[in-house]
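> Here it is, the structure, as C-alpha cells.
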Amino acid sequence: MFRLRKDCSVMTLRGKHLLIRGTGKALEVNGSFARIWDMASGGPFDAALLAAKMQEEYELSGEEALAEAGKMIRLWSDYGLVEAIPE
Amino acid sequence: MSPLEQHFLTLVRSGLREQPAEDFPQVLPLPHWQAILDMARKQTVTGLVFRGVGLLPDEVQVPDNIMFSLMMEAERIKRQSALVSETAAEVCARFEAAGLHPVVLKGPEVARLYPDPSLRESGDIDLYYSPEEFEKACAVVRAEGRSLAPASDGSVHYDWNGIDIDQHRQYFDLHTRKGLPPVPSAEATLLMLSVHILKHCMGAGIGLRQFCDMAAAYRSVPYDREKLLACYKATGTAHWNRLLAAFLERYLGAATPYSAGDPVSPVTGAGEPLPDPAGLLAFVLAGGNFGHHDAAREKVLKEGGLRRKTDTLLRFLRRLPFSLRYAPREWLGELAALARGNLRPE
C-alpha cells in the first residue's frame, strides 16, 4: 500500500495545476494528473484501489485501468511523491 | 482609495464571502497584479485573494506567474494552518490532562468561521486561562522543560513545535471591567475580537486579516444583537464598534449589528449613519500586518531594545486623536500599562 507524501500537494487555480513539494519546488501538471492525485488523496491506496476509481471516472476497462494506475504509482514513486506503508 | 486598492479589496471580499467578484477588469497589467499580490502579503490575506481569484469570471485574464505564485503561497498557508491546528490540539490536550481548561483565542478558533479555514493565515496560538489557572498552566509549561518569556501586558509566551504560544491571563484586552459579557458566549467572542483590533489601532497598527476575522465572526457567530450593542455601550466601545462596522460594511461587504434598515434605538444609537471609515482604511493599508510594514517601523523592529519600546510609545501618542475620539477610557488605561511595561529595562 502507498500514501501520498504529506509534504507534496497539488494546488489548482482557474484550470492550472501545480504539483508542489515541501522543498518549495513546483511543477505544472495537467488536469488528468491533478484528478488522479485527488483520487489518491483520500488515504492509503494500491494499484487496484486506484484503478477502481479511474475505471469509473474514465470509463476504462478493468485491465486498462489497472495498467494506468500501476504506471501512475511507478511515476509517483520515481519522483519521491509517495511513501510505501509497511504491511 | 486607488483603483488598485479597490481591486485588491474586491478580491478579498470575494474570497471571504465565497461569491464571484463584481466589476473586476478583464485585463490588468502584470505590475498591477504584482502590486495586488504584495498588498495581500503585507495584509496577510493571501489565502482570501487566492480564493477571490479562483472565483473571477473566465473572461478575466490572470497572468500565469501570478497564479503560480498564489498557488505556492496558498499551499504554504494551508501547511502552516494544519501545523498550527495540530499544535493547538496537542497543547490543549496536554493542559486538559493536567486538569486545566485552556481557551483558544483568535487564530485557529476564528479560522473555523471562514469558508475555507485552512486559507486563513495563522502564525501563533493564543491561549487564555482564568486567574485561578494561569500560574498552574505556567507550572505545566516549566515541567515540560520549556522556558517562559514574560510580555509587557502580563502574558507569557513559549515555543511548542516551533509555534509561538501566547498565554493570556485576560480574555478581553480591555482595562474596563464594567459591562463585560460572560465567557464563553457569542458576545464575548465578538467583543474580544473587536477590542483586539482597537488596541492595535491605538498603537503601531494592524492589518486587514483581523478585520476579515471580525467580518467572518459577525456572519457566523450567533449573537444577540441587543445584548451585544448594550455590551459595547457599557464597555465604552460603542463609538469604536460603529467605526469598525462602517469599515466592515463598506470594504468587506459584511453585515453587522449596525446594518442599515434597523430602527433607531435611543439606548444603543443603532440605525444612525455610521462614521466614515476612509481614515481607518488608509491606516490599515499603510502599516500592514500589525503595522510591521510601515518603513520606519520595520527599521526599528530590527534594532529592538529601548529604541523599539520608545517607538511603540511614540506611535501610541501619535494615535491620540483617534484614541480619544473612539476609546478615551481605554486610552488612559493603555498609557499607564504601556509606561509600566515598555519602559521597564529588558
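Coordinate-derived values only; no laboratory data. All figures in this text were calculated on a predicted structure; none of them were measured in a lab. Positions of Cβ are generated from backbone atoms using ideal geometry, with glycine treated the same way; all protein chains shown enter the neighbour counts.
> Please list A:73-86, B:228-241, B:274-287, B:65-78 highest first by mean number of surrounding beta-carbon atoms within 10 Å per residue.
Those peptides, ordered most packed to least, come out B:228-241, B:65-78, B:274-287, A:73-86.
> What FRET efficiency would be calculated for the residue pair residue B:135, residue A:79, taking the C-beta separation as r and a Förster radius of 41 Å, to the nearest 0.05?
Result of the calculation: an efficiency of 0.20.
> Can you tell me the relative contact order of the range B:104-218? Whole percent, Cα pairs under 8 Å, sequence separation 6 or more.
24
> Report Rg(Cα)/(2.2 N^0.38 Å) for the range B:3-62, keeping two decimals.
So the range B:3-62 has a normalised radius of gyration of 0.97.
> Per the helix-only calculation at 222 nm, which mean residue ellipticity applies to chain B, given -39500 (n - 2.57) for every DSSP H run of n ≥ 4 and division by its residues, nearest 500 deg cm²/dmol?
-18000 deg cm²/dmol
> Here's a follow-up. Measure off 7 Å from each Cα along the Cα-to-Cβ vector at residue B:118 and residue A:67, then give the distance between these two points in nanometres to one decimal.
According to this spin-label approximation, the distance is 3.4 nm.
> Classify chain B as rounded, prolate or oblate from the Cα gyration tensor: take a ≥ b ≥ c as the square roots of its eigenvalues, call it rounded if a/c is under 1.5, otherwise prolate when a/b beats b/c and oblate if not.
rounded
> Quick one: if the Förster radius is 51 Å, what FRET efficiency do residue B:19 and residue B:96 give, using the C-beta to C-beta distance and rounding to 0.05?
0.85
> Then there is this: Using only C-alpha positions, report the orientation-averaged shadow area of the convex hull of the protein assembly as shown, nm², one decimal.
Quarter of the Cα hull surface area: 24.8 nm².
> Mean projection of the alpha-carbon convex hull of the range A:7-78 over all orientations, in nm²?
In nm², the orientation-averaged hull projection of the range A:7-78 is 5.0.
> Tell me the net charge near residue B:70. Cut-off is 13 Å between Cβ atoms, residue B:70 excluded, with +1 for each Lys or Arg and -1 for each Asp or Glu.
Net charge in that neighbourhood comes out at +2.
> Rounded to a whole number of µm²/s, how large is the Stokes-Einstein D of the range B:96-170 at 25 °C and 0.890 mPa s, given Rh as the Kirkwood radius over C-alpha pairs?
D = 187 µm²/s.
> Now, a different point. Using a 10 Å cut-off around each Cβ of peptide A:8-14, what is the average number of partner chain Cβ atoms that fall inside?
6
> Got a sec? Charge dipole of the range B:54-108, +1 on Cβ for Lys and Arg, -1 for Asp and Glu; which of B:57, B:95, B:105 is way out at the positive end?
Towards the positive end, the residue furthest out is B:95.
> Set the Förster radius R0 to 60 Å, insert the Cβ-Cβ distance between residue B:149 and residue B:226 as r into 1/(1 + (r/R0)^6), and round the FRET efficiency to 0.05.
My answer for the efficiency is 0.90.
> Any of B:42/B:78; A:25/B:78; B:78/B:106 with alpha carbons more than 23 Å apart? Name them for me.
none
> What residues qualify as long-range amide H neighbours of residue A:29, i.e. H under 5 Å apart, gap of 5 or more or another chain, H built at 1.01 Å from N?
The list, which skips near neighbours in sequence, is A:17, A:18, A:19.
> Of B:178/B:227; A:6/A:71; B:178/B:233, which pairs sit farther than 18 Å apart, going by alpha carbon to alpha carbon?
Table pairs above 18 Å Cα-Cα are A:6/A:71.
> Right, something else. Can you pull the mean other chain C-beta count within 10 Å for peptide A:18-31?
Going residue by residue through A:18-31 and averaging, the value is 2.
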